[in-house]
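The values are calculated or read from the model by the stated rules, or taken from the named source; none is laboratory data. Worth saying up front: this structure is predicted, and the values here are computed from it rather than measured. Counting neighbours? That spans all protein chains shown, and the Cβs are built from the backbone with ideal geometry, glycine included.
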Amino acid sequence: MTPSIVIGLLWLGGIAMAAEIPLSERQSGYELMGGDTRAMQDDDTANPAMLWVLDGEALWNRRQGAAGKSCADCHGDARAGMKGVAARYPAFDGARARPVDLEQRINICRAEQQKATPLPFESKELLALTAYIGMQSRGMPIESKDDKRLTPFLRVGEELFKLRQGQLNLSCATCHDDNWGGKLAGAPIPQGHPNGYPLYRLEWQTLGSLQRRLHNCLIGMRAEAFAYGAPENVDLELYLMWRARGMKVETPAVRP
Amino acid sequence: MARAIVNVPPKARRGEIIEIKALIQHEMETGFRVDNMGRVFPRDIITDFICKYNDEEIFRAELFPAIAANPFFSFFTTAIESGTVTFEWSGDNGFSATASRNIAVE
Amino acid sequence: MRYNPIAGSTRRRFLTDAAAGTGLVAADLGLGLPLIVRPAAATPDTMRAAIRNVIGEAPVRKGKVKLDIPPLVESGNTVSLSVSVESPMTADDHVKAIHVFNEKNPLPNVVGIRLGPRAGRATLATRIRLADSQTVTAIAELSDGSFWSDSVSVIVTLPACVETL
């Protein structure tokens, strides 16, 4: 980033308070994309993310682990059984007394119900399953986090979002609350809603999770990224999904 | 076999010009990327894509590293008769994948 | 028939430049940072040579071809491209082939397409990679042996927050 842009952002960050975006002004990253990228997302026969969704469907039906069960054996047809699920994750897990995200929930099921080894984060299989399950919430509104048990974790997520970090001393809010709609090095700054994850990012040329995107963001800010599955990541995901409450799920989306 | 999504209208009128789409999962490693020790990631791409309609070639593409990952093509053909449209991809390191769809033409 | 995009002395020079380029930069820095080293990139000259290699000495006229690429691209990694050629697509008058070239990627060839009269319409779409802002050229070969072309200048941007330093 050139020094002038950095100084400009710091100046803006200093003057403006981290103000939440009014609900009526929220905007999906979809609206900032060019027509061709939008067309890629809109066409299930041309969206590269669908390749993973089909793999996910196959995995959903495959018997695995020592218990020899498939996801379908307990949950039935994902189209019915998983409808609306992704729209309310991360969700509170009683046994762990903290929220878990969809990837962790899948691995909990694999370990406890299927007696199978957990899938590594960002592995093709875990992405495929998350994309397939996520797609069953496509078009549905992201649920508000009304569960009171989530409140302390939402607070942590919010603090992380507003925390200035790294060598550039930027917070997520500096760009995504205060400067959305502007430009950063020629690219439009979105509001940063996670309404399409996992998604096919053109820059990655593959499907990736929200945690991977957060990893990118933190590296881009010259801050230290959290490990995959770290509680900070899940708390941040929780806050981001709360921030996007009411917006429609677009999984599996395409983004630049 | 690599995952592929192909799209052929299941039915068409004789003589109708129809659109065909083909998408296949493949990283298309260009052979120009270098790791942090200066070692090149070797090239690994799909080099050829052939579409046939009842065994007659109707579309052929020779791909270079400049074709984006998860290669996608959409093109047209004339629905001349009922039958099968087949898709074949081949490339580096013996890569091979196929798909097919039936079409009913009245 | 396969193309030989880089023939003879051009190929030798390209390979030497590529090897020297890669070795030199990595050794110089020796910092273990992830690098994207570009070997001798295509230049407008290499692109012209590649075009001649594919279509021979025949003249190429502007027209009949419409190359559609967004003028401003959000990521050079996946750029939607479509080519359309005016042609009745009959047995006597059709498009035989469409070739796409670029001037700044490491290689000048992008894709080579073979069509026939059964296509009905000489239109296709695909997704390509562009390493930098540059001109992309599409050349159509007609059944009467004539060649027609269209070119588009594309500005390529990168998303602001990239994955590695």
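Restricting to the range C:45-71, and then to whatever is surrounded by 12 or more Cβ atoms within 10 Å (Cβ to Cβ) and more than 20 Å from residue C:113 (Cα to Cα), can you tell me which residue is nearest to the other protein chains (Cβ to nearest Cβ)?
Of everything passing the filter in the range C:45-71, C:70 is nearest to the other protein chains (Cβ to nearest Cβ).
Can you find even one residue in the range B:71-78 that is over 19 Å from residue C:125 (Cβ atoms) and either at the interface with chain C (Cβ under 8 Å from one of its Cβ atoms) or not in a strand (DSSP E or B) (or both)?
For the range B:71-78, residues over 19 Å from residue C:125 (Cβ atoms) and either at the interface with chain C (Cβ under 8 Å from one of its Cβ atoms) or not in a strand (DSSP E or B) (or both): absent.
Residue by residue, here is whether (1) crowded, with 20+ Cβ neighbours inside 10 Å; (2) closer than 24 Å to residue C:75 by Cα; (3) assigned by TED's automatic domain parsing to the domain that holds residue A:36; (4) among the hydroxyl-bearing types (Ser, Thr, Tyr) holds:
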{"position": "A:165", "(1), (2), (3), (4)": "no, no, yes, no"}
{"position": "A:175", "(1), (2), (3), (4)": "yes, yes, yes, no"}
{"position": "A:179", "(1), (2), (3), (4)": "no, yes, yes, no"}
{"position": "A:185", "(1), (2), (3), (4)": "no, yes, yes, no"}
{"position": "A:188", "(1), (2), (3), (4)": "no, yes, yes, no"}
{"position": "A:192", "(1), (2), (3), (4)": "yes, yes, yes, no"}
{"position": "A:198", "(1), (2), (3), (4)": "yes, yes, yes, no"}
{"position": "A:208", "(1), (2), (3), (4)": "yes, yes, yes, no"}
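Every residue, every condition in (1) crowded, with 19+ Cβ neighbours inside 10 Å; (2) within 13 Å of chain C (Cβ to nearest Cβ); (3) free of Cβ contacts under 8 Å to residues at least 40 places away in the same chain; (4) outside any strand (DSSP E or B), yes or no:
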{"position": "B:37", "(1), (2), (3), (4)": "no, yes, yes, yes"}
{"position": "B:42", "(1), (2), (3), (4)": "no, yes, yes, yes"}
{"position": "B:51", "(1), (2), (3), (4)": "yes, yes, yes, no"}
{"position": "B:65", "(1), (2), (3), (4)": "yes, yes, yes, yes"}
{"position": "B:69", "(1), (2), (3), (4)": "yes, yes, no, yes"}
{"position": "B:85", "(1), (2), (3), (4)": "yes, yes, no, no"}
{"position": "B:97", "(1), (2), (3), (4)": "no, no, no, no"}
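Is it true that some residue in the range B:20-30 is among the hydroxyl-bearing types (Ser, Thr, Tyr), part of a loop (DSSP other than H, G, I, E, B) and within 12 Å of chain C (Cβ to nearest Cβ)? Before the answer, list the steps.
Going through the range B:20-30, the residues among the hydroxyl-bearing types (Ser, Thr, Tyr) turn out to be B:30.
This time we only want the ones that are part of a loop (DSSP other than H, G, I, E, B), so: B:30.
When the remaining residues are screened for being within 12 Å of chain C (Cβ to nearest Cβ), the result is B:30.
Yes, there is a match, as at least one residue in the range B:20-30 is among the hydroxyl-bearing types (Ser, Thr, Tyr), part of a loop (DSSP other than H, G, I, E, B) and within 12 Å of chain C (Cβ to nearest Cβ).
Filter the range A:49-90 for residues that are at positive phi and within 24 Å of the chain's Cα centre (by Cα) and give the result. It would help to see each step written out before you state the result.
Initially, the range A:49-90 is screened for residues at positive phi, giving A:65, A:68, A:76, A:84.
A:84, the sole residue that qualifies.
Considering (1) hydrophobic (A, V, I, L, M, F, W, C); (2) surrounded by fewer than 23 Cβ atoms within 10 Å (Cβ to Cβ); (3) not in a loop (DSSP other than H, G, I, E, B), say which one residue C:91 fails and leave the rest.
Looking at each condition in turn, residue C:91 falls short on (3).
May I ask you to list the residues in the range A:163-208 that are in a strand (DSSP E or B) and farther than 20 Å from residue A:245 by Cα? Write out each step before concluding.
First, the residues of the range A:163-208 that are in a strand (DSSP E or B): A:165, A:170, A:183-184, A:187-188, A:199-201, A:206-208.
Hits for the range A:163-208 are A:165, A:170, A:183, A:184, A:187, A:188, A:200, A:201, A:206, A:207, A:208.
Give the range B:53-63 a look and list any residue that's surrounded by fewer than 17 Cβ atoms within 10 Å (Cβ to Cβ) and facing another protein chain (nearest Cβ under 7 Å), or say none. Before you say what the answer is, go through the steps one by one.
Taking the range B:53-63 as the starting set, the residues that turn out to be surrounded by fewer than 17 Cβ atoms within 10 Å (Cβ to Cβ) are B:54-57.
Of everything in the range B:53-63, nothing turns out to be surrounded by fewer than 17 Cβ atoms within 10 Å (Cβ to Cβ) and facing another protein chain (nearest Cβ under 7 Å).
Mind checking whether some residue in the range A:222-241 is under 12 Å from the mean Cα position of the chain (by Cα) and within 22 Å of residue A:34 (Cβ to Cβ)? Working first, answer last.
Here is the first cut: in the range A:222-241, the residues under 12 Å from the mean Cα position of the chain (by Cα) are A:233-241.
In the following step, the residues that additionally are within 22 Å of residue A:34 (Cβ to Cβ) were identified as none.
Scanning the range A:222-241 turns up no residue that is under 12 Å from the mean Cα position of the chain (by Cα) and within 22 Å of residue A:34 (Cβ to Cβ).
Would you confirm, using the coordinates I've provided, whether residue B:3 is over 18 Å from residue C:116 (Cβ atoms), touching a Leu at 6+ places or on another chain (Cβ under 8 Å) and more than 10 Å from chain C (Cβ to nearest Cβ)?
Numbers: over 18 Å from residue C:116 (Cβ atoms): yes; touching a Leu at 6+ places or on another chain (Cβ under 8 Å): yes; more than 10 Å from chain C (Cβ to nearest Cβ): yes.
Criteria met by residue B:3.
Residues are listed down the side, and each one gets a yes or a no for (1) in a helix (DSSP H, G or I); (2) crowded, with 19+ Cβ neighbours inside 10 Å; (3) at pLDDT 95 or above:
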| position | (1), (2), (3) |
| --- | --- |
| A:110 | yes, yes, yes |
| A:119 | no, yes, yes |
| A:131 | yes, yes, yes |
| A:139 | no, no, yes |
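With the requirement that a residue be touching a residue at least 40 places away in the same chain (Cβ under 8 Å), hydrophobic (A, V, I, L, M, F, W, C), facing chain B (nearest Cβ under 8 Å) and touching a Ser or Thr at 6+ places or on another chain (Cβ under 8 Å), what does the range C:98-127 give you?
Taking the range C:98-127 and keeping what is touching a residue at least 40 places away in the same chain (Cβ under 8 Å), we get C:98-99, C:101-109, C:112, C:123-127.
The next check asks that each one be hydrophobic (A, V, I, L, M, F, W, C); those that pass are C:98, C:101, C:107, C:124-125.
Filter once more, keeping what is facing chain B (nearest Cβ under 8 Å): C:107, C:124-125.
The answer is C:124, C:125.
Counting only residues that are in a loop (DSSP other than H, G, I, E, B) and surrounded by 15 or more Cβ atoms within 10 Å (Cβ to Cβ), which one in the range A:47-64 is farthest from the other protein chains (Cβ to nearest Cβ)? Explain how you work it out, then say what you get.
Our first condition is that a residue be in a loop (DSSP other than H, G, I, E, B); within the range A:47-64, this holds for A:47-48, A:61-63.
Keeping just the survivors that are surrounded by 15 or more Cβ atoms within 10 Å (Cβ to Cβ) gives A:47-48.
Values: A:47: 8, A:48: 4 Å.
Filtering first and then ranking leaves A:47.
Residue A:214 passes all but one of (1) surrounded by fewer than 22 Cβ atoms within 10 Å (Cβ to Cβ); (2) of a type outside the set (Asp, Glu); (3) part of a helix (DSSP H, G or I); (4) without any contact (Cβ under 8 Å) to a residue 60 or more places away in the chain; which number fails?
Every condition holds for residue A:214 apart from (1).
Output the residues belonging to the range C:85-97 that are more than 30 Å from residue B:32 (Cα to Cα) and within 10 Å of chain B (Cβ to nearest Cβ). Full working, then the answer.
First, pick out the residues of the range C:85-97 that are more than 30 Å from residue B:32 (Cα to Cα): C:85-96.
Within the range C:85-97, just C:89 meets the criteria.
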